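See below for the structure under consideration.
The values are calculated or read from the model by the stated rules, or taken from the named source; none is laboratory data. Computed from a predicted model, the values in this text were never measured in an experiment. Cβ coordinates were reconstructed from backbone atoms using ideal geometry, including for glycine residues, and neighbour counts include every protein chain displayed. Calculation scope for accessible area: heavy atoms of the full protein, side chains included, ligands and nucleic acids excluded. Shrake-Rupley method; radii C 1.70, N 1.55, O 1.52, S 1.80 Å.
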Amino acid sequence: MATSSKRCAVGARVTRLLLIHDRDEDANWIRLMLAHSPRGVFHVECSSSVSEALEYLDSHEMDLVLLESAFPQPEFMETLGRIRNAYPSIPVVVLTNSDDKTLGIEAVRRGAQDYLVKGKMDSYLLASSLHYAIERKKLEVALGDSIGEWHATFDAIGNPIFLVDVNGTI
């Protein structure tokens, strides 16, 4: 497991990122982009396999996962699913060579927070996407918690309840 981070001002928020990559050159490129990002400080841990990444997540708290892949679509979607199933509260951003919009939409439908194409982004866009993914995931988790609380409250009430609008319509 390789690590990289840049020095930051005292009290600055450090975003902990687990990068799952299939080529060391790409991992170095991503590290370099994030090291020069004006959008915050990143501590990057790298893994070259999904199994190693899942083991790492078992014992380390991370803010998000960046899944960089050149795998074929079926294998790639399976990898995304494994990560999402094992750690549903950790946002995943996908980074790939493919500019296939269908693949991007499918990745988002399967739980990725964003889909980025190598060669069509800079350090600012990458860092922004990662930060926005974290915030979207926080909102998604809060919404799920609220829905669960709503169901628990209404399931506990023994009498029927009718909800009406301002016009008295049920």
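Which condition does Ser89 not pass, out of (1) open to solvent by 20 Å² or more (accessible area, probe 1.4 Å); (2) outside any strand (DSSP E or B); (3) closer than 19 Å to Asp26 by Cβ; (4) in contact (Cβ under 8 Å) with a residue 12 or more places away in the chain, if it passes all the others?
(3)
Filter segment 42-66 down to residues that are out of contact with any Ser or Thr (no Cβ under 7 Å at 6 or more places or on another chain) and either more than 23 Å from Val108 (Cα to Cα) or not hydroxyl-bearing (Ser, Thr, Tyr) (or both), then give me how many there are.
Summing the residues that are out of contact with any Ser or Thr (no Cβ under 7 Å at 6 or more places or on another chain) and either more than 23 Å from Val108 (Cα to Cα) or not hydroxyl-bearing (Ser, Thr, Tyr) (or both) in segment 42-66 gives 13.
Could you list, in sequence order, all residues of segment 119-170 that are open to solvent by 80 Å² or more (accessible area, probe 1.4 Å), free of Cβ contacts under 8 Å to residues at least 24 places away in the same chain, closer than 30 Å to Val44 by Cα and part of a helix (DSSP H, G or I)?
Those that are open to solvent by 80 Å² or more (accessible area, probe 1.4 Å), free of Cβ contacts under 8 Å to residues at least 24 places away in the same chain, closer than 30 Å to Val44 by Cα and part of a helix (DSSP H, G or I): Tyr132, Glu135, Lys138, Leu139, Glu140, Leu143, Asp145.
Considering only residues that are in a helix (DSSP H, G or I) and β-branched (Val, Ile, Thr), look in segment 92-113 and name the one that is modelled with the lowest pLDDT. Full working, then the answer.
Residues of segment 92-113 that are in a helix (DSSP H, G or I), as a first pass: 101-109.
If we keep only those that are β-branched (Val, Ile, Thr) as well, we get 102, 105, 108.
Working: Thr102: 86, Ile105: 89, Val108: 92.
Top of the filtered list is Thr102.
Within the group Met77, Met62, which residue is among the hydrophobic types (A, V, I, L, M, F, W, C), in a loop (DSSP other than H, G, I, E, B) and open to solvent by less than 80 Å² (accessible area, probe 1.4 Å)?
Result: Met62 is the single residue among Met77, Met62 that is among the hydrophobic types (A, V, I, L, M, F, W, C), in a loop (DSSP other than H, G, I, E, B) and open to solvent by less than 80 Å² (accessible area, probe 1.4 Å).
Taking interchain pairs and intrachain pairs at least six residues apart, which have beta carbon atoms under 7 angstrom, with the first residue in segment 20-35 and within 13 Å of Gly119 (Cβ to Cβ) and the second at pLDDT below 90 and open to solvent by less than 10 Å² (accessible area, probe 1.4 Å)?
From segment 20-35, the pairs are Asp26/Glu68; Ile30/Glu68.
Name the residues in segment 44-58 that are of a type outside the set (Ser, Thr, Tyr), modelled with pLDDT of 90 or more and more than 12 Å from Leu130 (Cβ to Cβ), would you?
Glu45, Cys46, Glu52, Ala53, Leu54, Glu55, Leu57, Asp58
Under 26 Å from Val141 (Cβ atoms) and assigned to a helix (DSSP H, G or I): is that true of Arg82 in this structure?
yes
Quick one: how many residues across segment 93-118 are open to solvent by less than 20 Å² (accessible area, probe 1.4 Å) and touching a residue at least 40 places away in the same chain (Cβ under 8 Å)?
The total comes to 3.
Of all residues being under 17 Å from Ile30 (Cα atoms) and of a type in the set (Gly, Ala, Ser) in segment 40-52, which is surrounded by the fewest Cβ atoms within 10 Å (Cβ to Cβ)? Just the residue, please.
Of everything passing the filter in segment 40-52, Ser49 is surrounded by the fewest Cβ atoms within 10 Å (Cβ to Cβ).
Does any residue of segment 66-73 turn out to be at pLDDT 90 or above and at negative phi?
Yes, there is a match, as at least one residue in segment 66-73 is at pLDDT 90 or above and at negative phi.
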